[in-house]
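A short write-up of the structure that comes next.
The values are calculated or read from the model by the stated rules, or taken from the named source; none is laboratory data. What you see is a predicted model, and the numbers here were worked out from it, not measured in a lab. Positions of Cβ are generated from backbone atoms using ideal geometry, with glycine treated the same way; all protein chains shown enter the neighbour counts. Just the protein is used for accessible areas: all its heavy atoms, side chains included, with ligands, DNA and RNA removed. Shrake-Rupley method; radii C 1.70, N 1.55, O 1.52, S 1.80 Å.
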Amino acid sequence: MHVATPPAPRPPSTAHLALPFFDDAHRALAAGLVPWTAAQEVDETDDRTACRDWVQRLGAGGWLRYCVSAAHGGALPALDSRALVLLRETLAYHSPLADFAFAMQGLGSGAITLAGSPAQQAHYLQGVARGELIAAFALSEPEAGSDVGAMQTIAASTDSTSATGTFCLNGTKTWISNGGIADFYCVFAKTNPSGGTRGISAFIVDANTPGLDTSRHIHVMAPHPLATLQFTNCNVPATALLGEENGGFKLAMRTLDIFRASVAAAALGMARRALAEAVHHARQRRMFGQTLADFQLTQAKIGEMAALVDSAALLTYRAAWLRDTGQARVTAEAAMAKMTATENAQRVIDMALQLHGGRGVEVGSKVESLYRDIRSLRIYEGATEVQQLIIGKAVLQE
């Protein structure tokens with residue numbers, strides 16, 4: 001049973017920070033983050049307790065300030081994709097659960113940063129930045145994953161124009177990260193049931209709202225706090241509406257666009273750790289009078305792994321740089337990064353496990369846990385097949 005994060009064979013390299021995608025502020029961020037992350041030891045036996053612990057640590061360390069804008073206690077004037085990428089890559093190298101805790105603070109509050117009223121932003125974002133409020137993003141449903149327009153959760157308005165008006169939510173959300181431990185949920189529901197994606201609105205629902213049940217936890221191969229949310233006559237005030245009524249789909253896509261490149265970065269961090277573990281093991285493992293690293297077949301595998309890591313890194317950093325510099329086209333590039341980094345990481349981790357032989361499948365070894373951790377990244381926030389469609393359509397429209 002995995003109890004604490006095993007020590008890394010060596011700190012992650014920061015050589016990539018010399019690339020032109022980054023500036024001095026990003027290099028300074030990494031200079032503080034790398035030693036801080038390496039110094040953290042969190043008992044991850046219970047994923048929910050560990051996630052709360054990570055949020056508190058990340059908040060106390062000042063790292064969650066990169067999830068919100070400076071106007072609300074953030075570190076930078078606006079959300080910066082390159083900062084998010086560096087944070088997620090470094091955290092994932094050390095602990096995928098630490099990366100998860102950080103990412104969900106950003107994703108869960110991202111819609112509030114983008115479209116929240118001044119009152120909503122003031123109430124929620126500072127708590128997120130300090131690690132005092134845990135955020136969650138509730139979009140997926142049992143029959144509406146990639147097909148967002150098929151969602152069936154309804155938000156019926158009594159009188160949304162009145163200060164005393166309410167919306168009554170009924171429906172089910174599932175695969176919700178931080179479900180059951182979040183303090184609030186950014187929930188997407190149909191305010192126009194026949195409107196497809198144009199009939200979706202977003203709401204902020206506090207965890208203690210009557211009619212919200214978060215008790216159905218979901219257990220997956222790599223422990224993460226997930227739950228199914230049940231809304232039964234769950235009434236929220238009109239002031240809980242997030243952004244424009246029926247503008248929820250665009251808001252959800254804008255939020256996901258910001259964080260899609262950071263999913264690639266999480267995969268990249270895991271791949272870098274797997275490569276480091278493989279190199280460390282190959283140098284130490286002796287067989288037939290020499291080390292595993294002395295065999296040409298090992299050298300070829302290590303070379304392939306390094307190329308897969310670097311190719312994913314370049315696409316990931318490019319996508320983040322394009323968004324930060326306000327380039328017109330970002331979605332296809334972010335999809336390329338997400339698809340390539342997650343698929344490459346799966347290959348790299350599989351090769352690292354193979355190089356470890358029997359030790360690679362031993363429960364508690366780092367490559368064994370990485371093998372489980374990486375798998376979900378090829379699915380969530382847009383499966384690989386969805387990314388392929390996004391890229392293909394963009395190419396055909398050129």
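Things worth noting here:
- Of Leu86, Leu19, Leu212, the one that fluctuates the most in a GNM where the chain has Cα springs shorter than 10 Å: Leu19
- Relative contact order (%) - the chain, alpha-carbon pairs under 8 angstrom, separation at least six: 15 percent
- Solvent-accessible area of His217 with every protein chain in place, 1.4 Å probe, in Å² to the nearest 10: 80 Å²
- The order of Glu141, Glu343, Glu41 by accessible area, most exposed first and with a 1.4 Å probe, is Glu41, Glu343, Glu141.
- 20 Å tail of the calculated P(r), the stretch 70-131, as % of Cα pairs: 25 percent
- Between the stretch 272-318 and the stretch 236-268, the C-alpha centres lie 37 angstrom from each other.
- Calculated percent of Cα pairs over 40 Å apart (choose from (i) 29; (ii) 15; (iii) 10), label: (ii)
- Calculated accessible area for the chain comes out at 42 Å² per residue, all protein chains present (probe 1.4 Å; ligands, DNA, RNA ignored).
- Span-like helix check, the chain: qualifying full DSSP H segments, with Cα axial length of 15 Å or more and mean Kyte-Doolittle of -1.0 or more, are 24-38, 47-60, 81-94, 96-115, 118-130, 248-284, 296-324, 331-356, 384-396.
- Surface composition of the stretch 1-111: carbon and sulfur atoms hold 60% of the protein heavy-atom accessible area at a 1.4 Å probe.
- Protection proxy ranking, peptides 364-371, 255-262, 318-325, average beta carbon neighbours within 10 Å, highest first: 255-262, 318-325, 364-371
- Accessible surface of the stretch 247-398, 1.4 Å probe, proportion on carbon and sulfur as whole %: 56 percent
- Total charge dipole magnitude, the chain, about the Cα centre, Cβ charges on Lys, Arg, Asp, Glu only, Debye to nearest 20: 680 debye
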